[in-house]
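**Student:** The structure's right below; bear with me while I get my questions together.
What follows is calculated from the coordinates using simple rules that are stated; it is not laboratory data. Not measured: the values here are computed from a predicted model. All Cβ positions, glycine included, derive from the backbone under ideal geometry; neighbour counts span all protein chains shown.
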Amino acid sequence: MGLPSALSIEPTTSCNLGCPECPSGLKQFTRPTGKLDLQLHDQMIRQIKTSVFYINYYFQGEPFLHPRFLDLIVRAKKSKIYTSTSTNGHFITSKKADEIVKSGLDRLIISVDGLTQETYEQYRKKGKLQKVIEASHYLVAAKKQNKSSTPHLIFQFLAVKPNEHEVPGVFKLAKEIGIDEVRIKTAQLYEFKKGNKLMPENSKYSRYTKQKDGTYKLKGSQGNHCWKMWSGSVLTWDGQVVPCCFDKDASHILGSLKENSFKSIWNSIQYKSFRHGVLNARQQIDICKNCSEGAQVWAS
């Protein structure tokens, strides 16, 4: 079987925030917290560089808590791989913004989940909106200073009940600062059947729909299929291979890069068995039950 064209690589599981629907922020992982070793990263790149053209350097945690995060980007760019990451913006100074631009990072998603500190901190616990705004200005300035078109800057607004009324304003803010794109993202909620205080009133911004009996279910029809099982994979900071980004606690480890090559894991009986399970009984797999693949982002 051909190797995937895209991967997610996790720089670290550490995070400075305490978001209520994030196991990293809530410190609820059963797996260890740590950061990706550069030698292990180089091993990853050597094994996948002939097939992978896109790496998202994000899974769980805040990437810029990795002290040498931009070294990962530089090393991937040497293999002509498109790179992306997502940040809460709290560690981007003017100097760091310049380093980000010079690293060659292609795309940077900045989480902006409120237009006032009051609404922002209702989801981004322990966060400071002003830091995010300042980071955004630094990045735009650094791109201009370096005459660079990258990274492509995206404001990502996680729409929940406390902030949904601010959705129109985020487009205005992005334009004022000089951000390239805005994405409104729907929230994955762990407790949703009986409703959830974070569930937006505007159904457009929700992954869930209300049924006749008053309970909620995931929108759409989740059949026995998933294109991600053949196009991508996730590599954790300690070299574990898991099927996709919904396996946040790495409960479905399909192999370890410290023991086997990625190619052998990708084509292993264990991986094939997992794919078979998705094709035959997807809703019996725990991480698939709350997966909205194909319907998780709404944007103008």
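**Student:** Of the beta bridges DSSP finds with both residues in the stretch 134-246, what % are antiparallel, to the nearest 5?
**Tutor:** Values: 5 of 11 bridges.
Antiparallel bridges: around 45 percent, rounded to the nearest 5.
**Student:** Charges at C-beta only: +1 for Lys and Arg, -1 for Asp and Glu. How large is the resulting dipole of the stretch 1-96 about its Cα centre, in Debye rounded to 20?
**Tutor:** Numbers: 12 positive and 6 negative charges, 76 e Å.
Result for the stretch 1-96 is approximately 360 debye, rounded to the nearest 20.
**Student:** Based solely on its DSSP helices, what 222 nm [θ] is calculated for the chain when runs of n ≥ 4 H residues each add -39,500 (n - 2.57) and the sum is averaged over all residues, nearest 500 deg cm²/dmol? Please report the intermediate quantities before stating the final value.
**Tutor:** Working: 9 runs with 87 residues, N = 300.
After summing the helix terms and dividing by residue count, I get -8500 deg cm²/dmol.
**Student:** Another question about this same structure. Over the chain, what is the mean sequence separation of C-alpha contacts under 8 Å (at least six apart), divided by residue count, expressed as relative contact order in percent? Kindly include the intermediate steps, with their values, before the conclusion.
**Tutor:** On the way: 559 pairs, mean separation 56.5, N = 300.
Result for the chain is 19 percent.
**Student:** Note down the relative contact order for the stretch 54-153 as a percent, whole number, built from C-alpha pairs under 8 angstrom at least six residues apart. List each step's numbers first, then the result.
**Tutor:** On the way: 150 pairs, mean separation 28.8, N = 100.
In percent, rounded to a whole number, it is 29.
**Student:** Packing-wise, with mean Cβ within 10 Å as the measure, how do 43-53, 218-228 rank, highest first?
**Tutor:** Working: 43-53: 17.0, 218-228: 13.5.
The packing order, highest mean first, is 43-53, 218-228.
**Student:** Of the labelled options [x] 29, 28, 16; [y] 45, 23, 17; [z] 26, 22, 20, which one gives semi-axes √(5λ) of the Cα gyration tensor in Å as computed for this structure?
**Tutor:** [x]
**Student:** Can you give me the C-alpha center-to-center distance between the stretch 245-293 and the stretch 1-78, rounded to a whole angstrom?
**Tutor:** 17 Å
**Student:** Tell me, for the chain, which Cys residues have no other cysteine's C-beta sitting closer than 4.7 Å.
**Tutor:** Isolated Cys, the chain: C15, C226, C244, C245, C288, C291.
**Student:** Report, for the chain, the % of DSSP beta bridges that are antiparallel, rounded to 5.
**Tutor:** Numbers: 10 of 35 bridges.
If we restrict to bridges inside the chain, about 30 percent are antiparallel.
**Student:** Give the Rg/Rh ratio for the stretch 1-99, taking Rg as the radius of gyration of the Cα atoms and Rh as the Kirkwood radius, to two decimals. Kindly include the intermediate steps, with their values, before the conclusion.
**Tutor:** On the way: Rg = 14.1 Å, Rh = 14.4 Å.
Using Cα coordinates only, the ratio equals 0.98.
**Student:** Tally Lys/Arg at +1 and Asp/Glu at -1 over every other residue whose Cβ is under 11 Å from the Cβ of Q28; what's the total?
**Tutor:** On the way: positive: K27, R31, K248; negative: E21, D249.
In short, +1.
**Student:** Using the alpha-carbon centroid of each, what span in Å lies between the stretch 111-161 and the stretch 176-197?
**Tutor:** After rounding, the separation between the Cα centres reads 14 Å.
**Student:** Then there is this: Filter the chymotrypsin sites (Phe, Trp or Tyr not before Pro) in the stretch 95-191 down to the DSSP loop ones having no more than 15 other Cβ atoms within 10 Å, then list what survives. Display every interim value, and only then the final one.
**Tutor:** Details: sites: Y120, Y123, Y138, F155, F157, F171, Y190; in loops: Y190.
In loop regions of the stretch 95-191 (DSSP not H, G, I, E or B), the sparsely surrounded chymotrypsin sites (Phe, Trp or Tyr not before Pro) are Y190.
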